[in-house]
Each structure stands twice: as C-alpha cells, then as structure tokens.
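Novice: Can you keep this structure in mind? I'll have questions shortly.
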Amino acid sequence: MNKIVMKFGGTSVAGTEKLKNIAKIVKSQLKNNKLIVILSAMAGETNKLQSYLDEFQEQNSIESDLVLTSGEQVTIGLLSVALKNLGVKSIPLLGWQVPILTDENYEKAKILNIDKKRIKEYFLNYDVIVLAGFQGINLTGKITSLGRGGSDTTAVAIASAIDAERCDIYTDVDGVFTTDPNIESNAKKISKLSYEEMLEMSSTGAKVLHTRSVELAMKNNLTLQVLSSITNKTGTFIVDEKELIEKEIVSGVSYSNNEAKVSISGILDKPGISAKIFGLMAENNINVDMIVQNISQDGISANMTFTINQKDYDLTKTVIENSKKLFDYKSLSLDKKVAKISVIGMGMMSQAGVAEKMFKTLAKNSINILAISTSEIKISVLIDKKHTNIAVKTLHEVYNL
Ligand code: ADP
Ligand code: ASP
Ligand code: MG
C-alpha cells in the first residue's frame, strides 16, 4: 500500500463545482493507494475571517486562531461528501482529531508531533483522509494556526511523518514559474528546482509555496511537486541540488509587497547600539530582514535602516518610540510604500557580475535602490513600491528567463 499526500489550495476549492472536480482527481489517484488530502479554505475566506479580527484589533490569541482556522472545516466536510457520492470511503478530520500537535505560538505555531498511529488506524476503515490544512492543537488543548499559507506546511509535515510516496501540491498555476505568471505573461514554468532556490523564492515573496513547507521538505529530503488542479500537466519538482543537471545562474525573480522600511536617524555610533535595537526587535518577536547602517560625517552619530514585515508596522513603531531610555535617537520614520525584488539562482555562486547586471538594469529604469541584501544564491533590493512591475519585468528579461 502506497501513501500519497495531495494538497489543494484556496482557488482550487472555491465552490462546490470545484470540490466535485477535486473529488474526481482524488478518486483517479486511488488505485491501490491510501490518500491524505489536505485542503485550504475557499479563496478569500481566510482573508474575510482576518478582516473580522482586524475590526477588533485581535491577534495572536486563542480566539484569533479559532476564527482563522474555521474556513477549512467547511471545505473538508464538503469534499468528503463529494467523495462519498463517488463511492469513495472518506473521512474528514480537523487538526486536533489527528492530532497535529503544535507549540503555543498563535498564528505562527510550529508542528511538534503528528500521531502516525491514528492515521494508520483511520486507514483500516477509510481510503481517503481529508484533512484541514493550516491548523493544529497545542499542549493546553487550544486550536492553533501555522501562519497564512500554512496548509502547504501541513501537507509536507504529514507526508514526512507517514513516509508518503509522493507529496503533490495542487494550485491555480501549472507549477513554479521564473516569476509570478500573474504579473509577467512571459514567465516560464520551471521543471526542476533545488530546495535552496525554492526556499529563497518563497521567502522573498513567491507565495506559491509556504516557506516553512520548503524548509521541512529539504530537512526530510521529500520531493515536492507543484502542479495545477485544472490542467492535468506535469508540474515543477522541488528536489535535492544533486538532482539538477544544469545549475541556472538566475532561475527566478520574485517580489514582495509586504515589507516596511524602518529608519532610525541620529543614533550613537558606538559598540552595542545595534545589539540593543535588534535585541529589542527579537524580544518582541519582530523579524528583521535587510539592514543598512550609514555613519554620518561627524563620525559620532549614525543612521540605521532595516525592513520588517508590514504586519509588524504598528508594534515596531510603538516599541522603538518607547525605547528612548534604552538608546537615544533623533528621529524615527516608517514607510510601507516599498517592495523587495530578488533574483535567485544556484549558478550565482560561481558567476560574477550578476549583482552588477541587476543594479545597472534598475538604474537604466531610474529606479533607486534603498537597501540591498544578499546570500550565496540571492540578491535582494528594496525599492519604491510603484516600480515593482517594471522592475520584475525588466529583470526577467535581462536574465533571459
Ligand atoms: P494556493 O491557494 O493554491 O495555496 P497561492 O495563491 O498560495 O495558491 O499560490 C499560488 C500563486 O502564487 C499563483 O497564483 C501566483 O500568482 C503566485 N506566485 C508568485 N510567484 C510565483 C512563481 N514564481 N511561480 C508560480 N506562482 C507564483
Ligand atoms: N487558508 C489559509 C490561508 O489562506 C491557509 C492556506 O491557504 O494555506 O492562509
Ligand atoms: Mg498557498
């Protein structure tokens, strides 16, 4: 008996007609296999739930996770009905019924353990388990969520836990493309991509896979396929670097409009100041990404610029405004009108001039660079948000993608 994990995202499950169609896809994979089908909520549903919580300014709590995870209950129930109607023995399960045990961090919980024994027991009586993605239960019995887009992570965690033969992530595009196909019509589907490249693409904004799902797949050496729930074509395989025959210098361009820029001017230029600022951010669970420090001409004071996720905008503002006792500064400004553009590729490690090409291309288009950060296989720049489309399109072109 082979076990296969199939995950369907929000657009793929938006409405009963689509769910009926998915039931057919699932049935077609049954043969001698046992299947775990992971579902998201219908497209737009979790956003709607989020907006209710925003009205109460409620976040990271027992209540917010209870509300946010409710959309998945509807889709798993309906798909299980559609499967039963096709004569398939199916059972819908919420995270706590497995259980998928997580830590206490509401809205960004990490999976600690999955009860494989239970899954095996369910497979004695059912051929398909339809499981709610994006959710779990913590040690004190409260429902938790894994962070927006987290059903990909549920799928990978389950596939790793049960030693699945395959983990297929069905979505609304044919696979992973050289850039977001919804903003660049010339984007091409990539047939194989390394974990490292996919990790950089996801973490720089390509939401086609949840970043943590890629981390987890890499850790467990689990091959992922990203494919369409509509077109019935082979998708993109995310594999170990060793399986790539040719390492592209640049394999993709990604963008993120979720950044905010924080600039603190007039801080003292002395040892320990950075530790204080970023210690403060860490204490408040605020992730910092790009960092630039400029020393002023007097050699006494300095300016610090860094980026955060937009959702941490208010918290960051309050934390820094309340920290004058800890470190003095002249002024603080925060800006949401920024975007991060990244180029990613394994071949970059052994090829010079990739960054220069990026900077020259942006300069030619009169796009100013506000901050830069790099890794071995990625270069990211922060720019004014209004230039996002033109930056992505021209970079996609100059690297011949
Ligand atoms: P799902 O609801 O199936 O989880 P998501 O909306 O989370 O789907 O992710 C799929 C979307 O990711 C696509 O519709 C596309 O707009 C976007 N996307 C961004 N970058 C890429 C990329 N490089 N390749 C494919 N899709 C991308
Ligand atoms: N429904 C959740 C969200 O919209 C989880 C997911 O789609 O992966 O974020
Ligand atoms: Mg998604």
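Novice: Pairs under 9 Å by beta carbon, first residue at positive phi in segment 154-179, partner away from ligand 1 (no atom under 16 Å from the Cβ), six or more apart or different chains?
Specialist: Listed by first residue and then by second, the contacts come to ASP163/LYS3; ASP163/LYS116.
Novice: Would you check if there is a residue in segment 55-73 being within 15 Å of ligand 1 (Cβ to nearest atom), closer than 24 Å to ALA164 by Cβ and modelled with pLDDT of 95 or more?
Specialist: For segment 55-73, residues within 15 Å of ligand 1 (Cβ to nearest atom), closer than 24 Å to ALA164 by Cβ and modelled with pLDDT of 95 or more: present.
Novice: Which of the following residues is touching a Gly at 6+ places or on another chain (Cβ under 6 Å), within 16 Å of ligand 1 (Cβ to nearest atom), closer than 25 Å to ASN105 by Cα and at pLDDT 95 or above: SER202, SER256?
Specialist: Only one candidate qualifies: SER256.
Novice: May I ask you to list the residues in segment 332-363 that are open to solvent by 60 Å² or more (accessible area, probe 1.4 Å) and farther than 16 Å from ASP384 by Cβ?
Specialist: Passing the criteria: MET349, SER350, GLN351, ALA352, GLU356, LYS357, LYS360.
Novice: Is it fair to say VAL208 is open to solvent by 10 Å² or more (accessible area, probe 1.4 Å) and under 15 Å from TYR170 (Cβ atoms)?
Specialist: The answer is yes for VAL208.
Novice: Could I ask something else about it? Tell me yes or no: at least one residue of segment 224-231 is surrounded by fewer than 17 Cβ atoms within 10 Å (Cβ to Cβ) and either at pLDDT below 95 or within 15 Å of ligand 2 (Cβ to nearest atom) (or both).
Specialist: Yes: one or more hits.
Novice: Which numbered condition in (1) within 27 Å of LYS311 (Cα to Cα); (2) within 16 Å of ligand 1 (Cβ to nearest atom) is the only one that LEU79 fails?
Specialist: Only one criterion in (1) within 27 Å of LYS311 (Cα to Cα); (2) within 16 Å of ligand 1 (Cβ to nearest atom) is unmet by LEU79, namely (1).
Novice: I've got another one for you. Enumerate the pairs (first residue in segment 290-313 and closer than 23 Å to ILE379 by Cα; second residue anywhere and crowded, with 16+ Cβ neighbours inside 10 Å and among the aromatic types (Phe, Trp, Tyr)) with beta-carbon separation below 6 Å, excluding pairs fewer than 6 apart on the same chain, so at least 6 apart or on different chains.
Specialist: Qualifying pairs under 6 Å: ILE291/PHE306.
Novice: Return only the number of the condition from (1) away from ligand 1 (no atom under 16 Å from the Cβ); (2) in contact with a helix residue (DSSP H, G or I) (Cβ under 6 Å, 6 or more places away or on another chain) that ASN33 does not satisfy.
Specialist: Going through (1) away from ligand 1 (no atom under 16 Å from the Cβ); (2) in contact with a helix residue (DSSP H, G or I) (Cβ under 6 Å, 6 or more places away or on another chain) one by one, ASN33 breaks only (2).
Novice: If you don't mind, there's one more thing I want to ask. VAL88 passes all but one of (1) part of a helix (DSSP H, G or I); (2) more than 12 Å from ligand 2 (Cβ to nearest atom); which number fails?
Specialist: VAL88 satisfies all of (1) part of a helix (DSSP H, G or I); (2) more than 12 Å from ligand 2 (Cβ to nearest atom) except (1).
Novice: Further question: Scan segment 135-181 for residues that are in contact with a Leu (Cβ under 7 Å, 6 or more places away or on another chain), part of a helix (DSSP H, G or I) and open to solvent by 20 Å² or more (accessible area, probe 1.4 Å) and report the count.
Specialist: So the count comes out to 1.
The values are calculated or read from the model by the stated rules, or taken from the named source; none is laboratory data. Everything numeric in this text was worked out from a predicted model, so none of it was measured. All Cβ positions, glycine included, derive from the backbone under ideal geometry; neighbour counts span all protein chains shown. Please note that ligands, DNA and RNA were not included when accessible areas were found on the heavy atoms of the full protein model with its side chains. Shrake-Rupley method; radii C 1.70, N 1.55, O 1.52, S 1.80 Å.
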